[in-house]
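The values are calculated or read from the model by the stated rules, or taken from the named source; none is laboratory data. What you see is a predicted model; the values in this text were computed from it and never measured. Ideal geometry is used to build each Cβ from the backbone, glycine not excepted, and the neighbour counts take in all protein chains shown. The area values use the complete protein model at the heavy-atom level, side chains included, leaving out ligands, DNA and RNA. Shrake-Rupley method; radii C 1.70, N 1.55, O 1.52, S 1.80 Å.
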Amino acid sequence: MTKAFEVTQQVLDEVEECGALGMTMDQTAWSMGVNPSTLYKYKAKMGALNEAISRGRARGVRNMTGNLKEQADSGNTHATMFYLKNQSPTEWANDLQNVAKIQVNLSRISDSELLSELREDPALLKVVNPTE
């Protein structure tokens, strides 16, 4: 016969740690040797369990954000780009992504108009002719 599940400080600490590691509720429950439905039932009833999950997830995001920021500060270009694109997506989105959204109806534009558009927009020219 299995022992009844009881929410103790040790359980709260373990749930918080699982949240910090980015584990799902199901993964957390199985790692603790509990059926996920049991953990969900207690989560719905107990504010302390909800708080432990939220605290853990926030701590995990804080730690990863700090690690990413350290890498960016030390000159890691990929970390810098990832950080900026996620913190300020409007300002740091890829130009090619924006250019790819441009739709030109070629049946309605003359060759001279197309050439004029390409000359005026170097980013568009790069998309059309990437070797230049």
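A compact table of results
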{"item": "Residue-normalised accessible area of region 1-47, given per residue in Å² at a 1.4 Å probe", "result": "68"}
{"item": "Built amide H within the under 5 Å cut-off of Met32, gap 5+", "result": "none"}
{"item": "Relative contact order (percent, whole number), region 1-59, Cα cutoff 8 Å, 6+ residue spacing", "result": "46"}
{"item": "Förster-model FRET efficiency, 30 Å R0, Glu70 and Gln27, C-beta, rounded to 0.05", "result": "0.65"}
